[in-house]
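Visitor: For reference, the structure I am asking about is given below.
Nothing in this text is a laboratory measurement; each read-out follows from the coordinates by a stated rule. All figures in this text were calculated on a predicted structure; none of them were measured in a lab. Note that each Cβ is placed from the backbone with ideal geometry, even for glycine, and that neighbours are counted across all protein chains shown.
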Amino acid sequence: MANFSFGSNDYSVNIRAQHNVNFIPGWDTHRLALTFEVTARGNYTVDAPFLVSGTLWAHETPGPASWIGVLHTPRPVGLKSFAANLTLETSVTDQQLRGLERTRAGNDLALRAELSLTALTETKHWPVADDQEIIRVPHATWSNALTQLDAGAFVDVLIPVTTVEARATAARRIREAKTAIRDQRYEHAVALARAALDPVREACNTKKLHDQAVQKKAGERDQEERWAILIQSAYALFSGAPHDDAGTTENFTWTRTDAIAAVATAAGLLARLEDRP
């Protein structure tokens, strides 16, 4: 929470970031709105107007490209005896959004607001105080906000709690794979995705159905056979991560987007077992 003191601690204004984010779409450049809670303590004047301004930065970001933009509000905020909401806005470009997505790599997004408060009617004390507030936006909140821009799509795959041991183990491997992606261990994440497909292949009788399906023309396969083709193909592809077969899988390389696709595929196929014994 950012704290702004005026006078010899005569009164203070606190600004706490909320998790809400909202985008207003534009052409290549968009308006990002962040919400804060404002409270006042001490010998302050109710409804005294304050102007809030500042800059927004990517927090805990490696490299120099962390500046995002100037924060502003269209009108002053008046101090109240209760918590009041404040919205600060800035402009972000598509290029900045792509950079933020690469940097956060599936984690929560950490931003830093460096703020200045100017007391517009202050006459007894210096009217300006500065502080900073760290804004942590949960992964799901930020990802859902991006869908407002048609800049990305976010799908949550919930793998149901199960008493089937092999499926519970597979769900744990999906969680471990997500951690591996955050740690930039992409090959390991793909290997974990492959392992998570083991109970899927067993429950769906994949090997038998796949061998049956490949004897038919693609257009003649029934639905379960087509699922079997998908599952077995994913398993075969992901098997390139834990194996180094001469001349083939030893040359496989795995990027972050490869790992995300592998883990998302395995998670979706595992979640599909919910209605199966």
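Visitor: Please compute the length gained on full extension between residue 274 and residue 148, using 0.36 nm multiplied by the number of residues separating them and subtracting their Cα-Cα distance.
Guide: Additional length available on full extension: 42.3 nm.
Visitor: When the scattering of the chain is computed by the Debye formula from its Cα atoms alone, each counted once and equally, what is log10 I(q)/I(0) at q = 0.09 Å⁻¹?
Guide: Per q value, in the given order, log10 I(q)/I(0) is -0.60.
Visitor: How charged is the neighbourhood of residue 241? Take every other residue with its Cβ under 9 Å from the Cβ of residue 241, and add Lys/Arg as +1 and Asp/Glu as -1.
Guide: Its environment carries a net charge of 0.
Visitor: What order do you get for 25-34, 127-136, 167-176 when each peptide is scored by the mean count of other beta carbon atoms within 10 Å, highest first?
Guide: Numbers: 25-34: 14.1, 127-136: 15.8, 167-176: 18.2.
Going from most to least packed, we get 167-176, 127-136, 25-34.
Visitor: To the nearest 0.05, how large is the calculated FRET efficiency for residue 126 and residue 29 if R₀ is 41 Å and r is the Cβ-Cβ distance?
Guide: 0.70
Visitor: Now a separate question. Quick one: compute the contact order of the range 67-212, relative version, from alpha carbon pairs under 8 angstrom and 6+ residues apart, as a percent.
Guide: After rounding, I find 14 percent.
Visitor: What's the Cα-based Rg to Rh of the range 2-139, Rh via Kirkwood?
Guide: When Rh is taken as the Kirkwood radius, the ratio is 1.01.
Visitor: Could you check the spin-label model distance between residue 43 and residue 114? Points 7 Å from the Cα along Cα→Cβ, value in nm.
Guide: Placing both labels 7 Å along Cα→Cβ, they lie 3.3 nm apart.
Visitor: I've got another one for you. Find the all-direction average of the projected area of the Cα convex hull for the range 165-275, expressing the result in square nanometres with one decimal place.
Guide: Its average projected convex-hull area is 7.5 nm².
Visitor: Could I get the Rg over Rh figure for the range 52-118? Both from C-alpha atoms, Rh via Kirkwood, rounded to two places.
Guide: Details: Rg = 14.1 Å, Rh = 13.5 Å.
On the Cα set of the range 52-118, Rg over Rh gives 1.05.
Visitor: With charges only on Cβ, +1 for K and R and -1 for D and E, what is the dipole size of the chain about its Cα centre, in debye, rounded to 20?
Guide: It works out to roughly 360 debye.
Visitor: Could you name the lysines whose alpha carbon sits less than 30 Å from that of residue 80, not counting residues in the same chain fewer than 8 places away?
Guide: Straight-distance partners of residue 80: 124.
Visitor: Further, regarding this structure: Please give the FRET efficiency for residue 216 paired with residue 140, using the beta carbon to beta carbon distance and R0 = 45 Å, rounded to the nearest 0.05.
Guide: On the way: r = 41 Å, r/R0 = 0.92.
The value I calculate is 0.60.
Visitor: Local charge sum around residue 222 (other residues, Cβ-Cβ under 14 Å, Lys/Arg +1, Asp/Glu -1)?
Guide: Numbers: positive: 208, 216, 217, 221, 226; negative: 220, 224, 225.
That sum, taken over residues with Cβ under 14 Å, equals +2.
Visitor: Quickly estimate the mean residue ellipticity at 222 nm for the chain, helices only: each DSSP H run with n ≥ 4 gives -39500 (n - 2.57), and the total goes over all residues, rounded to 500.
Guide: After summing the helix terms and dividing by the residues of the chain, the value is -10500 deg cm²/dmol.
Visitor: Cα to Cα, under 20 Å, and not fewer than 8 places away if on the same chain: which lysines meet these conditions relative to residue 217?
Guide: Within reach: 207, 208.
Visitor: Still on this model: Mind jotting down the distance between the C-alpha centroids of the range 224-250 and the range 1-24, whole Å?
Guide: Between the Cα centre of the range 1-24 and that of the range 224-250, the gap is 53 Å.
Visitor: How much length would be gained if the chain were fully extended between residue 248 and residue 20, taking 0.36 nm per residue of separation minus their Cα-Cα distance, in nm to one decimal?
Guide: 77.3 nm
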